[in-house]
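K.L.:
Input: one structure, supplied below.
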Amino acid sequence: MVRDLREKMLQEMEHKELFEQVQKYGFAYVDQVRERNVFPTDDAIADLAVFTESLPQASGDAAEILALLHRYGSPATVAQTGGRYFGFVDGGVIPAALAARLLSDYWDQNTALYDMSPLASRLEEICEMWLRELLGLPEKVVAGFVSGSSLAIFCGLAAARYRIFQNNHWNINKKGFRGAPAVRIVAGRQAHGTVSKALALLGFGLDNIAWVDTDREGRIIPEKIPELDEKTILVLQAGNVCSGSFDRFEELCTKANKAKTWVHIDGAFGLWAAASSTLRHLTRGIEIANSFSLDGHKTLNTPYDNGIVLCDDKDALTQALHASGSYISHSGNRDGMFYTPEMSKRARSVELWAALKYLGKEGVDELVSGLHHRALQFKDELKEAGFHILNDVVFNQVVVACDTDELTSQTMKHLQQSGECWAGGAVWAGKTVIRISVCSWVTTERDITRSVTAFVAARQKAAGYRNTEQNVSGDRERSW
Ligand SMILES: *Cc1c(COP(=O)(O)O)cnc(C)c1O
């Protein structure tokens, strides 16, 4: 039986029909993704019921399995690569990076150690060097390649924790928190949820964090920063998830530097502004921070999942993420696992390298500034159509509202149902808002105009619905 299964799999490898078929499915997807419903239809979602069954007893047919995915899985995907998906901060995918990813999947490399994949190790080194150059960071900055910013933030803060305790003659790895000197965390009230998660995981306790007030764009108010010292970690943000705003790094990092405070910058999507000649002013001053987290899978448009931690203290990062075992051979070359919490992991450096190699400095600049320009266009056209813009569009995010919270949420509901484009909601400055994130290279000026038309149509529907309701209740006053 086992031999039969192996025989079957060997044949699948040899004949390659499976892979050819998958390529056709992929091509079919690419060919229709720009015109299909951005969010799956109710029917497509209902059809997902075909996947609900008990675990099969016997080995199945590979071609049938893939056909099932193509037929029912594909229509239930969100058309993230189509150009009119503005939800969350999810990027599209650069063809060269996607192709490199596909190739690397055939290789199936484990990048824990150099001895497991010299290629992945070398590409990590190259990416590390290129990222430093692109973002204008000092030579001593090292990189770890992780699944996303959630983990990159965790790594940066783990390095900070290790270094600060070590400076105070306390080995946190060995001794833990009991009896440890007090370390203070200072972060903005608008810090991303994953910052809180990382701090909680690291044992700092959310009640112990000094949350600093932020201004109307979500930036830390510098005057509200408490006294800093060498036992403090200051968490700053490049790119607020709603407004896209950036903390004032020059002022804050200089102040922190003087006090010997560790600075971590959560720059998941915004740190890429440093790679744009026209947007670089937003990140001025970051080069003296200690650790950074960013994503390849957002602004840079690599495939998922692709995150990076950067740290100017290699010893702290690698000690904080230390692992050992008699079989773990230090090669003297770069062993990726010492820069990340994971041991085994796929070769994310392949698609990151391909994206950077393909774009070059000019291409990254064009990509990043292009997202900004289309966000500005979105803002202008929405304003023209009578929507309220609640943020200063400094990067790729636009915060939109109608005249009332109720109208905004109904408009969003109709917009999401339209299939024309997709944007999510949030609460911003106490108001219900629609949050737009322009972060795919595919999005054209026409996509923006078409999406604004969808916004207007959704608001019309929402107003109609509202008026009918009001008519029923006898209230005829129009609210917009
Ligand atoms: C997306 C995001 C994160 C989390 O990153 P993941 O890659 O989803 O783990 C953290 N901070 C900010 C500002 C983000 O936009």
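K.L.:
Over region 99-358, what lengths in whole Å, largest first, do the semi-axes of the equivalent ellipsoid take, defined as the square roots of 5 times the eigenvalues of the alpha-carbon gyration tensor?
P.N.:
Working: eigenvalues 167, 106, 42 Å².
Working from the Cα gyration tensor, I get semi-axes of 29, 23, 15 Å.
K.L.:
Continuing with this model, one more query. Using a simple spin-label model with points 7 Å from Cα along the Cα→Cβ vector, what separation in nm is obtained for LEU68 and LYS383?
P.N.:
It works out to 5.2 nm between the two label points.
K.L.:
At 7 Å along the Cα-to-beta-carbon direction for both ASN171 and ARG450, put a label point, then send me their distance in nm to one decimal.
P.N.:
Reported label-point gap for ASN171 and ARG450 is 6.1 nm.
K.L.:
Provide the net charge surrounding GLY244, with neighbours chosen by a C-beta distance below 9 Å and charges set as Lys +1, Arg +1, Asp -1, Glu -1.
P.N.:
Working: positive: none; negative: GLU217, ASP392.
Residues close to GLY244 contribute a combined charge of -2.
K.L.:
Under 13 Å from a point 7 Å along the Cα-to-Cβ line of LEU5: which residues of region 22-61 have their amide N that close?
P.N.:
Label zone hits: 56-61.
K.L.:
Okay, next question. Taking Cα pairs under 8 Å and at least six residues apart, what relative contact order does region 99-358 come out at, in percent? Walk me through the numbers before you get to the answer.
P.N.:
Values: 506 pairs, mean separation 82.4, N = 260.
Result for region 99-358 is 32 percent.
K.L.:
Keeping all protein chains in the complex and leaving out DNA, RNA and ligands, what accessible area do you get for LYS255 with a 1.4 Å probe, in Å² to the nearest 10?
P.N.:
90 Å²
K.L.:
With an 8 Å Cα cut-off and a minimum separation of 6 or more residues, compute the relative contact order for region 2-77 in percent. Spell out each step's value before the answer.
P.N.:
Numbers: 22 pairs, mean separation 34.0, N = 76.
RCO, region 2-77: 45 percent.
K.L.:
Using the membrane-span-like helix rule (whole DSSP H runs, Cα extent along the own axis of at least 24 Å, mean Kyte-Doolittle hydropathy at least 0.5), which helices of the chain qualify? It would help to have the intermediate numbers written out before the result.
P.N.:
Details: long enough: 118-135 (26 Å, 0.19); 149-167 (26 Å, 0.66); 348-384 (43 Å, -0.45); 445-473 (42 Å, -0.79).
Flagged H segments are 149-167.
K.L.:
Label-point separation (nm) for ASP215 and PHE19, each offset 7 Å from Cα along Cα-to-Cβ?
P.N.:
5.5 nm
K.L.:
Keeping all protein chains in place, calculate the accessible area per residue for region 226-317 (probe 1.4 angstrom), answer in Å². Present the calculation step by step, with values, prior to reporting the outcome.
P.N.:
Details: 2640 Å² over 92 residues.
Result: 29 Å² of accessible area for each residue.
K.L.:
With a 1.4 Å probe and every protein chain kept in, tell me what percent of the accessible surface of the chain is carbon plus sulfur.
P.N.:
53 percent
K.L.:
Continuing with the same structure: Hey, can you find the accessible area per residue of region 87-201 for me, probe 1.4 Å, expressed in square angstrom? List each step's numbers first, then the result.
P.N.:
Values: 5160 Å² over 115 residues.
Accessible area per residue: 45 Å².
K.L.:
Taking the Cβ of ILE65 as the center, what net charge do the other residues with Cβ under 14 Å away carry, scoring Lys and Arg +1 and Asp and Glu -1?
P.N.:
Values: positive: LYS8, ARG71; negative: GLU12, GLU17, GLU53, ASP61, GLU64.
Around ILE65, the surrounding residues sum to -3.
K.L.:
Also, I was wondering about something else. Counting only the backbone N, which residues of region 63-93 are under 17 Å from the spot 7 Å out from the Cα of THR52 toward its beta-carbon?
P.N.:
72-73, 76
K.L.:
Still on this structure: Taking R0 as 41 Å, what's the FRET efficiency between ALA180 and ARG284 from their Cβ-Cβ distance, rounded to 0.05?
P.N.:
Values: r = 35 Å, r/R0 = 0.86.
For ALA180 and ARG284, the calculated efficiency is 0.70.
K.L.:
Another one. Relative contact order of the chain: what whole-number percent is it, with Cα pairs under 8 angstrom and at least 6 residues apart? Write down the numbers at each step before the final one.
P.N.:
On the way: 887 pairs, mean separation 101.3, N = 480.
RCO, the chain: 21 percent.
K.L.:
Provide THR444, THR318, THR411 ordered by accessible surface of protein heavy atoms (probe 1.4 Å), highest first. List each step's numbers first, then the result.
P.N.:
Numbers: THR444 50, THR318 25, THR411 0 Å².
The ordering from most to least exposed comes out as THR444, THR318, THR411.
K.L.:
Which value in Å is the Kirkwood Rh of the chain over different Cα pairs? Walk me through the numbers before you get to the answer.
P.N.:
Values: mean 1/r = 0.0410 Å⁻¹.
Answer for the chain: a Kirkwood hydrodynamic radius of 24.4 Å.
The values are calculated or read from the model by the stated rules, or taken from the named source; none is laboratory data. In this text, all values refer to a predicted model and were calculated from it rather than measured experimentally. No Cβ is skipped: glycine too gets one built from the backbone with ideal geometry, and neighbour counts run over all protein chains shown. Heads up: the accessible areas ignore ligands, DNA and RNA and are worked out on the full protein's heavy atoms, side chains in. Shrake-Rupley method; radii C 1.70, N 1.55, O 1.52, S 1.80 Å.
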